[in-house]
Amino acid sequence: QVQLVESGGGLVQAGGSLRLSCTASGSTFSIRTMGWFRQAPGKQRELVATLTRGGTTNYVDSVKGRFTIARDNANTVNLQMSSLKPEDTAVYYCWAFATRANWGQGTQVTVSS
């Protein structure tokens, strides 16, 4: 079992920055990939960024050049978000794939215009 705890959401003006953090606990040795998804009101949950154990990153096109996913330590992954847009407003969920998908509780990010 893997438990995920997110932090760092909040309200920011368009053009601003936020950093989300996700700390994993439990069977962290089994984690292969960690990442972030987001879900805006009335929309499906979408992949934002992933980071494999080997260091490979992947981003959805809409955040490329603005968001960066990186490992802070063995069990913490950060999502640095810059040049935020109102369309980035969503609940952001940390995700970790071990033997199955694991999810955090979500953190709200609101970008005002």
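Look at the dipole of the range 18-113 built from charges on Cβ: of 70, 83, 27, the Cα furthest out on the positive end belongs to 27.
Around the Cα centre of the chain, unit charges on the Cβ atoms of Lys, Arg, Asp and Glu (plus for the first two, minus for the last two) sum to a dipole of about 200 debye. Between the alpha-carbon centres of the range 11-62 and the range 75-91 there is a gap of 8 Å.
Applying the Karplus relation 6.51 cos²θ - 1.76 cosθ + 1.60 with θ = phi - 60° to the range 86-98 yields 3J(HN,Hα) values of x, 6, 7, 4, 4, 8, 9, 10, 6, 9, 9, 9, 10 Hz, where x marks Gly and Pro.
Taken together, the values in this text are just the output of simple stated rules run on the coordinates, not laboratory data. Quantities reported herein were computed from a predicted structural model and do not represent experimental measurements. Virtual Cβ from ideal backbone geometry, glycine too; neighbours counted across all protein chains shown.
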